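Please read the structure below before turning to the comments.
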Amino acid sequence: MAADTAYTLDQFLSDTRATIKTKGVPSGLAEIRDHLEKLLRNPELLKKHLGDPVPYRERTTIGHDPETDVHVLVHGREKGGKSVPHDHGPCWVIYGNYKNPTRMRRWRRLDDGSEPGHAELELQRDFLNEPGHASVFAVGDIHSIEYGDDTFFLRVTGGDVETKKTLRFDLEKKTVQVADRAQGQR
Ligand SMILES: [Fe+2]
């Protein structure tokens, strides 16, 4: 698979731009996921964009296409961790694991959002996003992540999630809050 190992970040951004132009979103998201899975098979990717040896950094943007506003981020976690259930505001997001898996949970919202601050979630799917694999979260999808030590994953977003307002949920209290990521809330 020499062609696959040579697949670069620039090729990914260019293929993704073509997919968005021809198929649009959300129709093209599955195809963008396939592009990302090709990129995950590039063994030099992180060395090239982060350095050698590859450093653990919570969040690094390695690519951005101004035309489509697609961002490519790398998350490198030395220690295991997890997130609460959240959405990504107005953005779609594709998570692809590079080294070690992330446990992904998808959640369905049961209430209609009419009571301020209240939210009830039901677990919809619970799976491992293994290295080399990517998972699509369309605008509005709710998920949480959990990973062990030494985990690297890529996150491709339509728009810059880290400047947006997103929802974060508390399962036990059955509450929802708006997190303004531009203010460092998440
Ligand atoms: Fe997320």
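Computed from the coordinates by the stated procedures, all read-outs in this text should not be read as laboratory data. Keep in mind it's a predicted model, so treat the numbers as computed, not measured. Backbone-built Cβ (ideal geometry, glycine too); neighbour counts: all protein chains shown.
Working note: 222 nm ellipticity from helices only, DSSP H runs with n ≥ 4, each -39,500 (n - 2.57), summed and divided by the residues of the chain, gives -5500 deg cm²/dmol to the nearest 500. Under the combined filter of DSSP loop state and at most 12 neighbouring Cβ atoms within 10 Å, region 123-186 retains these GluC sites (Glu not before Pro): Glu172.
On a per residue basis, the convex hull of the C-alpha atoms belonging to region 56-183 measures out at 109 Å³. Students often forget the sequence filter, so: which lysines lie under 17 Å Cα-Cα from Lys99 once same-chain residues fewer than 8 apart are removed? By straight Cα distance, Lys99 reaches Lys38, Lys47, Lys48, Lys79, Lys82. Using a cutoff of 8 angstrom between alpha carbon atoms and counting only pairs six or more residues apart, the relative contact order for region 56-183 works out to 36 percent. Among Asp112, Asp141, Asp160, the residue with the largest mean-square fluctuation in a Gaussian network model of the chain, with springs joining Cα atoms closer than 10 Å, is Asp112.
Comparing Glu37, Glu122, Glu130 in a Gaussian network model of the chain where C-alpha atoms under 10 Å apart are linked, the largest mean-square fluctuation is found at Glu122.
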